[in-house]
Structures are given as C-alpha cells and as structure tokens.
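Below: the structure, in structure tokens.
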Amino acid sequence: MEFRAQARFMRVSPQKARLVLDLIKGRKVEDALNTLAFTKKRVAATVEKLLRSALENANYLIAEKDIDVDVDNLYVKNAVANDGPRMKRIRPAPMGRAFRYVRRIAHIELVLAERTKAKEGVANVVGNESASAKPAKRRSPAKKKSAGKRKAIAR
C-alpha cells in the first residue's frame with residue numbers, strides 16, 4: 001500500500017528541491033526526518049512538513065480502512081520535484097533596457113510504502129551433500145593447432 005502527499009506551487013526551483021529529495025529517497029521515515037532536520041537547505045523545512053503529512057495520511061488510512069500496515073516499517077519509495085508554472089519578471093538594465101528573468105516553481109510529491117520482509121525458510125541453499133551438486137568435469141588438455149595449416153587469403 002502506498003501513501004502520498006503533494007505540495008504544489010512551492011517557491012523553490014525544482015533543481016534545488018531535488019537535491020534535498022535525493023537525500024531521503026529509499027530511507028526509512030524516521031531516518032528521513034532526522035536527515036531533513038539537520039539539512040541546511042531552505043526547502044528542507046517544506047519537505048519535512050510534506051513527509052509528516054504523508055505519515056499522517058498513512059495513519060489516517062490505517063485507522064479508517066483498518067489496513068494492517070506497520071508505520072515503523074514505512075520508507076520513502078518515491079520523491080519527485082516537478083516543474084510548475086514559471087513567473088516571468090523584468091529587471092531594469094542600463095540605458096533604459098530591461099532584462100527578463102524567470103522565477104521557478106516546483107510541485108513536490110512524496111510516496112511512502114511499507115518495506116516487505118523476505119519470507120523466511122523459502123531460500124534453498126545448495127550444499128556439497130545435495131544431489132544437484134555435481135563434481136566439476138575435467139577437461140582434457142587443449143591441443144595446439146599448427147601454424148602451417150593457415151589458409152592463404154586470395155586477393
């Protein structure tokens with residue numbers, strides 16, 4: 001089961017947001033919150049708030065739909081910062097001219113999922129005593145080809 005949270009129209013460039021999101025991808029929620037608390041980027045506070053929102057979404061859905069999900073086992077499955085609409089602005093330039101610049105906006109999305117445990121006792125280990133383990137075949141020594149039997153190339 002996946003739990004989502006979105007923050008749209010955030011006044012940060014998507015490139016800068018991706019720097020912070022890459023720090024928490026694949027981590028457990030607790031580790032991600034600790035990482036965000038000590039990250040010095042301005043967008044880290046927004047991403048932390050979004051992560052807490054996704055966690056509360058998970059808690060709410062678990063309580064309402066009576067889903068069997070361990071909150072301590074959740075991890076950040078996906079974290080994406082997409083482009084939003086760009087704000088075009090004009091800055092005064094010398095000699096009465098004007099320079100255009102762009103203020104970027106990001107849509108940030110987080111997806112939490114439960115990490116599944118591997119089933120115990122399913123993996124088979126092949127030992128020396130098993131029937132499927134066969135002794136290695138011995139190869140006969142390779143015969144050397146004589147250099148005199150090369151074919152002449154017709155031109």
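Key figures for this structure:
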read-out	value
Out of D70, D31, D66, sole residue that is modelled with pLDDT of 95 or more, farther than 26 Å from P85 by Cα and surrounded by fewer than 17 Cβ atoms within 10 Å (Cβ to Cβ)	D31
Residue in the stretch 8-21 that is farthest from the chain's Cα centre (by Cα), counting only those that are surrounded by 13 or more Cβ atoms within 10 Å (Cβ to Cβ) and over 16 Å from L51 (Cβ atoms)	R11
Answer residue from the stretch 73-118, given it is of a type in the set (V, I, T) and farther than 14 Å from A5 by Cα and is surrounded by the fewest Cβ atoms within 10 Å (Cβ to Cβ) among those	T116
Lone qualifier among A58, A5 - being on the phi < 0 side of the Ramachandran plot, crowded, with 18+ Cβ neighbours inside 10 Å and modelled with pLDDT under 95	A58
Which numbered condition R103 fails, given (1) more than 30 Å from N34 (Cβ to Cβ); (2) in contact with an Asp or Glu (Cβ under 9 Å, 6 or more places away or on another chain)	(2)
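For (1) closer than 16 Å to I108 by Cα; (2) among the charged types (D, E, K, R); (3) out of contact with any His (no Cβ under 6 Å at 6 or more places or on another chain), each residue gets a yes or a no:
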position: R4; (1), (2), (3): yes, yes, yes
position: F9; (1), (2), (3): yes, no, yes
position: Q15; (1), (2), (3): yes, no, yes
position: D22; (1), (2), (3): yes, yes, yes
position: E30; (1), (2), (3): no, yes, yes
position: N59; (1), (2), (3): no, no, yes
position: D68; (1), (2), (3): no, yes, yes
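Each row is one residue, and each column tells you yes or no for (1) among the aliphatic types (A, V, I, L, M); (2) assigned to a helix (DSSP H, G or I).
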| site | (1), (2) |
| --- | --- |
| V12 | yes, no |
| L19 | yes, yes |
| E30 | no, yes |
| T35 | no, yes |
| A44 | yes, yes |
| K49 | no, yes |
| A58 | yes, yes |
| I62 | yes, yes |
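The values are calculated or read from the model by the stated rules, or taken from the named source; none is laboratory data. The structure displayed is predicted, hence computed values, not measured ones. Positions of Cβ are generated from backbone atoms using ideal geometry, with glycine treated the same way; all protein chains shown enter the neighbour counts.
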